[in-house]
Structure formats: C-alpha cells, structure tokens
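Before any comments, here is the structure.
The values are calculated or read from the model by the stated rules, or taken from the named source; none is laboratory data. The shown structure was predicted, so the numbers you read here are calculated from the model rather than taken from an experiment. Here the Cβ is made from the backbone with ideal geometry for all residues, glycine too, and neighbour counts use every protein chain on show.
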Amino acid sequence: MQKLIVGNLKMNLLTIAERDRYFESFKKELKAKKLLDSKIVICPPSVHVESFVKKTKTKTVSIGAQNIFWEERGSYTGEISATMLKDMGVEFVIIGHSERRKYFGETNETANSKIKAVISAGLVAIYCVGETREERDSGFAAQIIVQQIVEGLADISSAKVASVVIAYEPVWSVGSDSIPTSDEILETRILLRKIFAEKYGLQLADKIKVLYGGSVKVTTAKQLCIDPGMDGVLVGRESLIPMELVKIAEIISVSSEQGAVNNK
Ligand code: PGA
C-alpha cells in the first residue's frame, strides 16, 4: 500500500522570503531521491496553498490543507471551503487535529460535517483521532478512539469512508517529546482495524490507511511507523526542516519497498 508522509506546517512560514527558502530547500532535498510507493503531502497555511501547488506539486508530492469549513460558499466570514481548495489543486485536508479541538472547540460532530464536505468536494480527509494523557492514564483511551471514529464518520457510506485516511495522534505526544512504544501503536492499529471490520467489513478494514502522528523524527520513524506497520506518518515540527521531512519519507519509502520484496 502506498505510504503517506504528511507534513503539517501549522502556522509557520511567516514571510514570503521564508516560504521561498522552504521551496528551494525542499526541491534540493527531493532531487535525486526516489520515493518508491510513497507520497509526501505538504499542508501549508492556507495563504501559501496556491504557491505550494505551483512550486512543489509533482507526482510524488501533493498539497493538503490544515482545515476547512463545512459549507461550500456564503456569508461565513474568515472561512475557506473544500471546493475552493480543490480548485487550487489541493488533494488532502487534515480534519479534527488535536490543536483544532483544543483551541477552536472542534468536536467529533464538527469533524463529521467537515469530513462530509471534504469527501463531496472529491478530496481526501485525513481524520485525526487520539487520546489525551488523562484519558490514557485512566484507562479510557480505547473508548475515546472508538467514539471519535463512530461520531466522526457517522452517516457516511462505506464507499465514502474507504477514501478517508485515519491519523492516530496521541494528544500527549503531539508537540512533546513523549512517544508511545511500537506495541502501544500496534494495539491502537488493531483496535482501529476491529472497529472498521465490525462497522464496514474486513475488506474496508484492510484498505483504510492508518498513519501515526506525534513527535515523528528521523530517529523515531522506525519505532513509530515501520515497526508497528503503519501506512505513514503525520509530521509536525520536523516538517519545517525540508531535509528532515524528506529523510523521514526516504526511511519509510525504503521500508515499504523492502516489505514488498519480503512479501514476494
Ligand atoms: P509534532 O506534531 O510532530 O510536532 O509532534 C504532530 C502533529 O501536529 O500532527
């Protein structure tokens, strides 16, 4: 299965000069690198989306957005719709990121409306789920994740759910340097597969991509993605350094190629 390496640039690249330096450095790093069966998805701040599409989009590099509003058009001051982004050349949209839940009051219900809008615009939703430290410590992690999946994907047909990418992002790992063990990630992966198998059948459970996000670096990519058999990663801080993002992509791409050889 094609691996996804998603770079969430968040609210960074404050000037045009900084953005242009990012392009140069990213292109330089990517040159001469062959990413086999993998795709990098860069999610810049929305003001930079158009220029990222022009300067970086290729067969192996797609552009994503960090958020959308669920309505398509109209009197919604300050908002951006999936249709607008699609027309700009965007292919992916991150939905329900823990920072949006924490700072902007997003819930499973708002994520659900947004995922529906993303799908109907013909884009791919990257739906973030994951427990807080308190939820994990009190033994509620699995219950929280089940609820995020059930409510976030409510009233979406299985044919449409099949296009959604899930990002398991333990909230306590995002932006910190605490990371789960490979076994802990594998446990969540198995839980997600079980939920999808029960709700939509085994075929879909096998098809749906599950990424890991939270403190992914060159040095942690093996433990967080390759060992637990994830389908890729969502990278925050490290994606601001093109060299690191491309190196992470390379590590994951090589491992997916080796996996393919081993399975022959
Ligand atoms: P981080 O962020 O890599 O900086 O922990 C991950 C994320 O926000 O998805």
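Tabulated data for the structure shown
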| read-out | value |
| --- | --- |
| Conditions (1) loosely packed, with under 14 Cβ neighbours inside 10 Å; (2) part of a loop (DSSP other than H, G, I, E, B); (3) within 16 Å of the ligand (Cβ to nearest atom); number of the one not met by residue 102 | (2) |
| Of the criteria (1) more than 18 Å from the chain's Cα centre (by Cα); (2) surrounded by 16 or more Cβ atoms within 10 Å (Cβ to Cβ), which one residue 114 fails | (1) |
| Subset tally (residues that are modelled with pLDDT of 95 or more, over 22 Å from residue 151 (Cβ atoms) and among the acidic types (Asp, Glu)) for region 165-205 | 2 |
| Hits in region 114-132 (condition: more than 15 Å from the ligand (Cβ to nearest atom) and closer than 13 Å to residue 148 by Cα) | 115 |
| Residue within region 66-74 that is in contact (Cβ under 8 Å) with a residue 40 or more places away in the chain, over 29 Å from residue 254 (Cα atoms) and among the β-branched types (Val, Ile, Thr) present | yes |
| Of all residues in region 215-254 being touching a strand residue (DSSP E or B) at 6+ places or on another chain (Cβ under 8 Å) and small (Gly, Ala, Ser), the one that is farthest from residue 180 (Cα to Cα) | 253 |
| Selection from region 210-233 of residues that are part of a loop (DSSP other than H, G, I, E, B), surrounded by fewer than 19 Cβ atoms within 10 Å (Cβ to Cβ) and within 16 Å of the ligand (Cβ to nearest atom) | 217, 218, 219, 220 |
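The rows are residues; the columns are (1) on the phi > 0 side of the Ramachandran plot; (2) in contact with a Lys or Arg (Cβ under 6 Å, 6 or more places away or on another chain); (3) outside any loop (DSSP other than H, G, I, E, B); (4) modelled with pLDDT of 95 or more.
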{"position": "19", "(1), (2), (3), (4)": "no, no, yes, yes"}
{"position": "47", "(1), (2), (3), (4)": "no, no, yes, yes"}
{"position": "59", "(1), (2), (3), (4)": "no, no, no, no"}
{"position": "90", "(1), (2), (3), (4)": "no, no, no, yes"}
